[in-house]
1. Could you report the stretch 99-179's accessible area per residue, 1.4 Å probe, as an integer in Å²?
2. How would you order 177-184, 84-91 from highest to lowest mean count of nearby Cβ atoms within 10 Å?
3. On a full-extension model of 0.36 nm per residue, what is the gain between S229 and L212, subtracting their alpha-carbon distance, rounded to one decimal in nm?
4. I'd like the carbon and sulfur percentage of the solvent accessible area for the stretch 199-239, probe radius 1.4 Å, heavy atoms only, ligands and nucleic acids excluded.
5. Could you tell me, in Å, what Rg and Dmax come out for the Cα atoms of the stretch 93-190?
6. Given labels modelled 7 Å from the Cα in the Cβ direction, how far is it in nm from Q151 to K195?
Amino acid sequence: MRKVITLAFVFLTFSFASAQDDLFNQLDSVKSNKKEVETAAFKALQICNIQSTKLPVRGELYILISHRFGDLSNGMNNFFGLDNALTKIGGIYGVANWLSIGVSRHTFNKTYELATKYKLANQMIGGFPITIVGYNTMDINSDLDKAIYPQLKFNNRLAFTSQLLLSRKFSESFSVEIAPMLVHKNLYDNAIDQKDLYLIGGGGRYKLSKRLSLNIDYAARLGSKIEASPYHNPLTVGLDIDTGGHIFQMVFSNGQPMTDVSFLSNSTGSWEGKKSLYFGFNMYRVF
């Protein structure tokens, strides 16, 4: 009887150990099949001028200071742009990990810009191939004077953008984004501008070192109805510098204004012949 009990105990112990091994193997299998979110396609909230698919995490507050100096091609006449600078200052707050809101003030047309950014899908390692983010802005032009425009209404001060940002991180060094866009203006000069402007934007980031990356973004106007328009497709080249406490971006662009409405639809410079190019920076500080 004692032998039978001993054999039964050995059998039960072996069965329990085997079952435990099977359970651990199943858990390991489930864990290995679990998809992880791909992170850091872009280090900053902007590629250069165009928004990236990066959002603040919940509770983060970004303080943004941007500067665009005047036309470099004027040389010493405006001290290589220092005499004619534009400034933007604002804040972006992470309401949730998938949602942020922002407000900023621009010297260009004394514009206030309200923005919201929301993530629709994440790129997954071994899974869904892209990150999808929506981005919307509303500009309020406070520079319009009712003494000059007696019929001016508040609605005339407003302009909007709607953007869909699609990015993919191909490697630790290389990320790409494309972005269909719409700019809508309630008040515009139909001789040189239009009410609705469709664009297709894009950009990329190439990591040069642990704290340095080369960025570029561009937006092409689609079906522009103004043949003699003074405005050009915005092209910007920049350098991201990660200082640990903040991201500092140095940029060269053919557009000086920094609201999404204005740089997308009213960039007057041209890279051809290096006419009217503007140097500047974006600085983000996280709290």
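1. Details: 4180 Å² over 81 residues.
For the stretch 99-179, the per-residue accessible area is 52 Å².
2. Working: 177-184: 20.2, 84-91: 16.1.
For the peptides 177-184, 84-91, the packing ranking is 177-184, 84-91.
3. Numbers: separation 17, 0.36 × 17 = 6.12 nm, distance 3.68 nm.
The S229-L212 span can extend by a further 2.4 nm.
4. Numbers: 1340 of 2210 Å².
Ligands and nucleic acids excluded, carbon and sulfur reach 61 percent.
5. Reported Rg and Dmax, both Å: 17.8, 60.
6. 1.4
The values are calculated or read from the model by the stated rules, or taken from the named source; none is laboratory data. The shown structure was predicted, so the numbers you read here are calculated from the model rather than taken from an experiment. Reconstructed Cβ throughout: ideal geometry from the backbone, glycine too, with neighbour counts over all protein chains shown. Heavy atoms of the whole protein, side chains included, go into the accessibility calculation; ligands, DNA and RNA do not. Shrake-Rupley method; radii C 1.70, N 1.55, O 1.52, S 1.80 Å.
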